[in-house]
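One structure is given below, encoded as structure tokens.
The values are calculated or read from the model by the stated rules, or taken from the named source; none is laboratory data. Predicted, not measured: the structure shown is a model, and the values here were computed from it. Note that each Cβ is placed from the backbone with ideal geometry, even for glycine, and that neighbours are counted across all protein chains shown.
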Amino acid sequence: MRVHRLWREEFGPAPPFNIGPDSLFVAYSAWAELTCFKVLGWPFPVNVFDQHTSYLAASNVLLPYEPDKERRAARKKLLGGKNLEDACKAYGLHGWAGINKKAIREAIGNGTWRGRYSPEEIVRYCDEDVRMEVELLRMQLRPYASLPAADVPRQLWWSGYSSKAVALVQAKGMPIDVSLWNLLLENRQAVIDALRQQYDPSYRDADPIWTAEGKFSEARFERWALSVGVPWWPRHESGRLNVEGDTFLAMAHHHPGLMGIYTLREAISFICRGIPIGRDGRNRPSLFPFGTATGRNAHGKSIYNTHAGLRSLMRFPENKIGCYLDFKTQEIGIAAAQSQDPALLAAYRSGDVYHGFARACGLTADEDRVRWKKNNPDQRQQMKALALGINYGMGLRSIANNLGMHPLAAAEILDQHKRTYRRFYEWREAVADAAIVNKFITTKYGWTLRLGADPNRRTLFNYKMQGNGAEMTRLATMWLCVAGIIPSMLIHDAILLEANSLEEIAHAKEIMMAAGREVCDGFEIGVDGDGADELLVNGARYQDKRPDAIRLWNVVMRTLEEVLNRTRQGRAVA
């Protein structure tokens, strides 16, 4: 065995070890190591085995349904996390004796290790990581307790995404208007106050929900909700109010001010928390590949982890073209392809599946989908809500809330939908039944969810659509990287590009559509976002088109302009 211990100034133009086709590069969260390769100008290894992805695959088990967030969090803590130490413990391995791994890792990450730890301590820490990764690899290659042996061919395939592609995407990052972001932070209090005036329905009350500094109070929110006649509010088992985003969306029909509160919570949280921005003005979030049960990314510390209005802090360089390409109603397209429901296939191919839904449910006789979309925005939103509810197997009451109508009226629409798309419903039930019998459910390329006792049937309804949607985005990302078109960000079913030319965007769209056909056995999943009015050119700012996003951004900009005007006036007087 040969061991290399080198500090950065000792690195050469290539790795000091073999990375060719006859070798295997093994690491836990290998994207971190390959990000270093990219910074150093080293070529990537041909074969990579990412132990983090392997552990996520082996431990991907659907536990009994638990609706309470606090109990889910407690269960998650009991089961352990997903880092290297947690993976080793799951395989009965113990290491790092006498090493404060967490503290040293954080010190290395934030650059504060010098003076706190000697070079010998850092080397010992790294040696122990490598030793434990070797032990972990031996365990991952064979079954252990409830953990299956790694499927090596699939693991190498997945690692091409979770290590190589993810390293390239995270290294690129998203361009942030740093001057504007700093101005916002410098005037945070004024912006928070302006947002509260616009969105906090209790702003002028004696007991407002938010403090002047932007601190939310559950107790004051509960008093406000009672005072305006909200009849009830979901609670956790502990008795605390459930103030998750989905709860506000589900309860919004009880009072018009609830959506404003939801918006304000998102915006203030982001302004106070912030995002990591590099010295080159780029936000580089952690994508956390395969971070969800369906294999989707679980990205964090991203500008996409906040209200859509604040994403206008992104501004593209003048010599680049910003482009947000998204798979058109990806999950419905996958459902149509896999169920082979003729009515659903026809609705998807029509170009606007929501228009097809509205016609099928008898809500419109307008055959012109463009005119219907323009003249019936509220009805189109209702059809989006219906599609979401059906994908997730929502109950009638939840669907009625999303549609904004009485349950009896919603039941009639849902029944018509079931009659129209009968084959889809049969397929969905058959998928769930097969998963329960087999004790697992899987995607086209093998990302598998194993079932525990009492699985949530709604999760099974949705798994094929979400899981194969993740496969589609992964495949497109890998193909884009091979073509030299590196995405700036991956967002669920969309890819953000910072392109050099219109030709590059057209090529990227072709690659995405090819990935859709590959996953859906020839059925074509559309890709939107390359229209002339959608491209961001000449240093344009990203702008979400939804009315509430535009409204929020306008409040922020108007506040900052007022601050600047007062500053200019003060200077003029002086």
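The table for this structure:
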| quantity | calculated |
| --- | --- |
| Which numbered condition Arg380 misses (of (1) modelled with pLDDT under 85; (2) over 28 Å from the mean Cα position of the chain (by Cα)) | (2) |
| Residue pairs meeting the criteria (Cβ under 9 Å; at least 6 apart or on separate chains; first free of Cβ contacts under 8 Å to residues at least 12 places away in the same chain and surrounded by 14 or more Cβ atoms within 10 Å (Cβ to Cβ), in the stretch 121-146; second β-branched (Val, Ile, Thr) and part of a helix (DSSP H, G or I)) | Leu141/Val152 |
| Per-region count, the stretch 271-281, residues within 19 Å of the chain's Cα centre (by Cα) and either part of a loop (DSSP other than H, G, I, E, B) or surrounded by 18 or more Cβ atoms within 10 Å (Cβ to Cβ) (or both) | 4 |
| Hits in the stretch 282-306 (condition: outside any loop (DSSP other than H, G, I, E, B) and under 22 Å from Gln543 (Cβ atoms)) | Arg282, Asn283 |
| Leu325 being crowded, with 20+ Cβ neighbours inside 10 Å and not in a helix (DSSP H, G or I) | yes |
| One residue from Ala107, Ala87 being buried (at least 16 other Cβ atoms within 10 Å of the Cβ) and at pLDDT 95 or above | Ala87 |
| Counted residues, the stretch 502-534 - those being among the hydrophobic types (A, V, I, L, M, F, W, C), surrounded by fewer than 18 Cβ atoms within 10 Å (Cβ to Cβ) and touching a residue at least 24 places away in the same chain (Cβ under 8 Å) | 4 |
| Failed condition for Ala73, given (1) within 25 Å of the chain's Cα centre (by Cα); (2) under 30 Å from Leu460 (Cα atoms); (3) hydrophobic (A, V, I, L, M, F, W, C); (4) crowded, with 17+ Cβ neighbours inside 10 Å | (4) |
| Filtered residue count, the stretch 151-200, keeping only those that are in contact with a His (Cβ under 8 Å, 6 or more places away or on another chain) and either assigned to a loop (DSSP other than H, G, I, E, B) or charged (D, E, K, R) (or both) | 0 |
| Helices (runs of 4 or more DSSP H) contained in the stretch 1-114 and holding at least 3 residues hydroxyl-bearing (Ser, Thr, Tyr) | 51-58 |
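Yes/no per residue for (1) surrounded by fewer than 21 Cβ atoms within 10 Å (Cβ to Cβ); (2) out of contact with any helix residue (DSSP H, G or I) (no Cβ under 9 Å at 6 or more places or on another chain):
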| position | (1), (2) |
| --- | --- |
| Ala400 | no, no |
| His406 | yes, no |
| Ala409 | yes, no |
| Arg422 | yes, no |
| Val437 | yes, yes |
| Trp447 | no, no |
| Ala453 | yes, yes |
| Phe461 | no, no |
| Ile485 | yes, no |
